[in-house]
Structures are given as C-alpha cells and as structure tokens.
Amino acid sequence: MTDALIIGGGPAGLMAAEVLSAAGRSVVVAEAMPTVGRKFLMAGKSGLNLTKAEPKPAFNAAYGDASTALSDILSACGPDDVVAWAEGLGQDVFTGSTGRIFPKQMKASPLLRAWLTRLVGQGVTINTRWCWTGWDGDIAMFDTPDGPERITAKTTILAMGGASWKRLGSDGRWAKHFLGDVAPFQPANMGFSFDWSTHMTQHFGAAVKGTKLTAGNTTSRGEFIISSKGIEGGGVYMVSSAVRDGSQLSLDLLPEMSVDAIAAKLDAPKGKQSTANMLRKALKLDPVKRALLNELGRNLDAPLAQKIKALPFPTLTPRPIDEAISTAGGVRFDALTDDLMLKSHEGVFCAGEMLDWEAPTGGYLITGCLATGRWAGLAAARHLQTS
C-alpha cells in the first residue's frame with residue numbers, strides 16, 4: 001500500500017506529488033499517456049507563460065465565478081510563489097511588457113526535466129500508460145500495457161485534466177464516475193466559427209493587431225487571427241467565455257481614437273480620394289482592418305466612424321471542445337470541502353483543470369493548476385497524519 005496515489009501527471013498532479021514526497025510520504029503517480037506533462041510541454045511551444053505579475057485582486061478576478069473558491073488557494077500559491085518555484089528548479093524567468101512571466105529559455109522542457117529529477121530524487125514512482133478505470137471499493141483500478149493493475153492507497157489525488165486536447169491526455173472520461181458532482185464541460189479559451197465571404201480568403205492567416213475586443217463586461221487588447229474557420233488567438237480567448245455565454249463580440253478598430261476624432265478625419269475635404277483611400281491614408285487602417293470593416297459593416301446602418309469604433313460580429317459559434325485550450329465545467333466546488341476533498345469520497349482530493357473553474361490564457365491556467373495541486377497535496381498530507 002502506498003501513502004498517496006496521484007492519478008494524472010500534469011502540473012497539478014506533479015505539484016501534489018512534490019508536496020507529498022517532500023513530506024516524506026510514498027507517492028505513486030499514474031499517468032494514462034506515454035509521458036507526463038504533455039499539455040505542459042505543448043503550452044511551452046509558444047513560450048511557457050507560467051504566471052502573471054499583477055495585483056492580487058486583479059489576478060484573482062481573472063478566475064471569474066470561481067475566484068472566491070480559489071482565493072485562499074491562490075494566496076498560498078500565487079505569482080510570486082510560482083516564480084520562486086521555477087527559480088528553485090534552476091529556471092530563471094523574465095517579465096514581459098504585459099506582466100506575463102516566462103522562463104528565460106522560453107521552453108517547458110528544461111523546467112519539466114528539472115522537476116522530474118527532483119520528484120525521482122524524492123522517491124516518487126511514475127507509472128505511464130496507466131489508464132484509470134474506476135474504483136473497486138477503495139482500490140483504484142487501471143488498464144496498463146501489462147494488463148489490469150490495482151493500487152490501494154491511504155489517500156488519492158485526482159488530477160486528470162478537463163475535456164480538451166484528447167491527444168494530450170485530457171478527454172474528460174473520468175466524469176462518468178462522479179456524475180452528481182460534475183458541472184457539464186464547455187470549451188474555454190477557444191476560437192469561433194464564422195462563415196466569411198470569398199473576399200476574405202486572401203486574409204486567412206492574417207493577424208489583426210491594435211484593436212480592442214469587447215463582449216459583455218470583458219475587453220481585450222490582444223491580437224487575433226483570421227482563419228478559414230473563423231477567428232482565434234489570444235485576443236479572442238480573453239473574451240471567449242463571454243461570447244460563449246451569449247454576449248455579442250464587438251471590435252474597435254482604432255481604440256486610441258475617439259469617434260469624434262475619427263469622424264473629423266473622415267469629414268475633412270478629400271478631393272478625389274475614395275473612401276477606401278481615406279481609410280488607408282487618414283486613419284492608417286491596414287488591409288485586414290479595412291477588409292473587416294467591409295465584411296462586418298457593409299449592411300450595418302450606422303455612420304462610418306461608429307462602425308470603426310464598434311463593429312459587431314454576427315452570431316459566432318464556439319469551435320469544438322477538443323480544439324479548446326481549456327474547459328469550463330468539472331468537479332463542482334460545492335461537492336468538495338475547503339481542502340478540495342470530495343465530500344462523497346473520504347480521502348480523495350481533486351486538483352487542476354478537472355475542477356469547475358476557468359481562466360483566460362496569460363499565466364492564469366498554469367498558476368491555477370499548480371496552486372490547486374499544492375493545496376490538495378498539503379491537505380492530503382494532513383489527512384495522512386490524522387488517519
């Protein structure tokens with residue numbers, strides 16, 4: 001019998017393993033994929049955004065409806081703690097102009113290698129290609145390359161991820177074992193489908209920069225990409241939950257200018273210049289912005305200056321959940337104790353993306369996973385002391 005069984009080898013599960021093994025407990029990590037940390041490594045391909053340097057109220061607010069439930073958890077493992085942890089693994093970090101914090105090497109693999117070296121040094125056993133199939137009483141059952149396996153543990157931490165990116169290990173199939181405790185999965189940080197006219201084909205793959213996106217009470221100044229499927233990218237992800245939940249997406253093509261200033265430039269004598277030339281020369285709208293203005297505004301009954309400042313998208317459809325960077329839904333907080341232990345399963349804790357929280361990209365996702373993994377690991381250690 002092992003002291004702690006951790007099911008899931010992503011950031012949350014590995015952080016729980018680190019905490020428990022540092023406390024001198026025997027730990028077994030069971031991961032369904034051939035290697036651990038696959039989504040972590042994928043996130044690092046574009047620069048591993050570990051966390052974000054900003055005041056605690058603003059940082060916590062990014063977690064939306066779950067911010068209250070996560071407040072103490074994030075206070076115990078917030079941005080400063082994530083930085084200290086990464087530097088403790090020999091990975092120097094830097095803070096970008098937007099406050100986002102990255103390893104200087106801009107990769108996840110050196111950090112993951114150092115982390116696994118630490119875990120192995122602390123006695124953690126990692127079993128890969130072990131797919132959890134449920135419980136037989138208090139015994140965890142697995143399908144493995146060597147046939148069925150069973151593990152009895154004094155405490156268990158579930159960190160099996162959400163329901164996006166199945167090829168990286170998060171498929172949400174575990175939810176069938178906790179139906180009464182799980183909120184339905186929805187895509188988060190995803191792109192949206194939109195049927196462009198043929199005039200937009202030449203702009204597929206183009207980045208739209210220097211705009212403001214607004215949906216409901218959420219705004220974003222990040223760039224986004226026009227694709228053959230619709231729109232995607234960081235700027236869209238920041239407002240994706242609001243759009244998914246029914247708010248209309250609106251673009252401000254010139255966020256640094258007022259509608260009156262735009263109108264004044266448009267009303268200035270233009271001689272023989274066409275409106276298109278005025279947009280290009282007087283307002284400096286690049287080709288992709290002019291194309292969006294034509295695509296979305298040609299049937300809009302509003303002055304041109306107002307269209308430029310508030311260009312509404314018609315109905316957008318979220319891309320499939322498996323294309324989403326993360327998911328909303330999962331184990332509800334009202335099904336858990338403050339220690340993240342399932343009320344229906346004594347000694348079983350939950351952490352990471354399998355919890356019912358969502359946050360935009362920008363360091364919030366990884367910090368949330370590390371923080372909940374640490375919190376569950378410490379709670380499991382306390383549970384072992386009293387059981």
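The values are calculated or read from the model by the stated rules, or taken from the named source; none is laboratory data. Note that this is a predicted model, so its numbers are computed, not measured. Every residue, glycine among them, receives a Cβ derived from its backbone with ideal geometry; neighbour counts consider all protein chains shown.
I'm checking my understanding of the structure. Among residues of the range 210-221 that are on the phi < 0 side of the Ramachandran plot, under 21 Å from the mean Cα position of the chain (by Cα) and assigned to a loop (DSSP other than H, G, I, E, B), which one is surrounded by the most Cβ atoms within 10 Å (Cβ to Cβ)? Of everything passing the filter in the range 210-221, 221 is surrounded by the most Cβ atoms within 10 Å (Cβ to Cβ).
Sort out which residues of the range 145-173 are among the hydrophobic types (A, V, I, L, M, F, W, C) and either surrounded by fewer than 17 Cβ atoms within 10 Å (Cβ to Cβ) or farther than 16 Å from residue 372 by Cβ (or both), and write them in order of number. Correct list: 151, 153, 163, 165, 168. Contact map, the range 30-54: residues that are over 30 Å from residue 145 (Cβ atoms) paired with residues that are hydroxyl-bearing (Ser, Thr, Tyr) and in a loop (DSSP other than H, G, I, E, B), Cβ distance under 9 Å, separation 6+ or inter-chain. Pairs shown: 49/361; 52/98. Evaluated against (1) more than 20 Å from the chain's Cα centre (by Cα); (2) surrounded by 20 or more Cβ atoms within 10 Å (Cβ to Cβ); (3) more than 18 Å from residue 308 (Cβ to Cβ), residue 188 falls short on exactly one condition, (1). Of all residues in the range 179-221, which are within 30 Å of residue 134 (Cβ to Cβ) and either among the β-branched types (Val, Ile, Thr) or modelled with pLDDT under 90 (or both)? 179, 180, 182, listed by residue number. Taking the conditions (1) of a type outside the set (A, V, I, L, M, F, W, C); (2) touching a Gly at 6+ places or on another chain (Cβ under 6 Å); (3) surrounded by fewer than 24 Cβ atoms within 10 Å (Cβ to Cβ) in turn, residue 353 satisfies each one other than (3).
Look through 214, 198, 219 and report the one residue that is free of Cβ contacts under 8 Å to residues at least 24 places away in the same chain, hydroxyl-bearing (Ser, Thr, Tyr) and within 30 Å of residue 355 (Cα to Cα). Result of the check over 214, 198, 219: 219. Within the range 11-23, identify whether any single residue is in the same structural domain as residue 139 (by TED's automatic domain parsing), over 26 Å from residue 128 (Cα atoms) and over 22 Å from the mean Cα position of the chain (by Cα), and answer yes or no. There is no residue in the range 11-23 that is in the same structural domain as residue 139 (by TED's automatic domain parsing), over 26 Å from residue 128 (Cα atoms) and over 22 Å from the mean Cα position of the chain (by Cα).
With respect to the conditions (1) touching a Ser or Thr at 6+ places or on another chain (Cβ under 7 Å); (2) basic (Lys, Arg); (3) under 29 Å from residue 328 (Cβ atoms), residue 176 lacks only one, and its number is (1).
Of the numbered criteria (1) surrounded by fewer than 16 Cβ atoms within 10 Å (Cβ to Cβ); (2) more than 20 Å from residue 5 (Cα to Cα); (3) among the β-branched types (Val, Ile, Thr), the one residue 101 fails is (1). If the condition is being under 30 Å from residue 368 (Cα atoms) and either more than 27 Å from the chain's Cα centre (by Cα) or not polar (S, T, N, Q) (or both), then the range 281-328 contributes 316, 318, 319, 320, 321, 322, 323, 324, 325, 328.
Quickly run through the range 333-345 and pick out the residues that are surrounded by fewer than 17 Cβ atoms within 10 Å (Cβ to Cβ) and at pLDDT 95 or above.
334, 337, 338, 339, 343
Residues in the range 363-387 that are surrounded by fewer than 23 Cβ atoms within 10 Å (Cβ to Cβ) and not in a helix (DSSP H, G or I): 387 alone. Evaluation of residue 128 against the conditions (1) among the hydroxyl-bearing types (Ser, Thr, Tyr); (2) surrounded by fewer than 14 Cβ atoms within 10 Å (Cβ to Cβ); (3) modelled with pLDDT of 95 or more shows that the sole unmet condition is (2).
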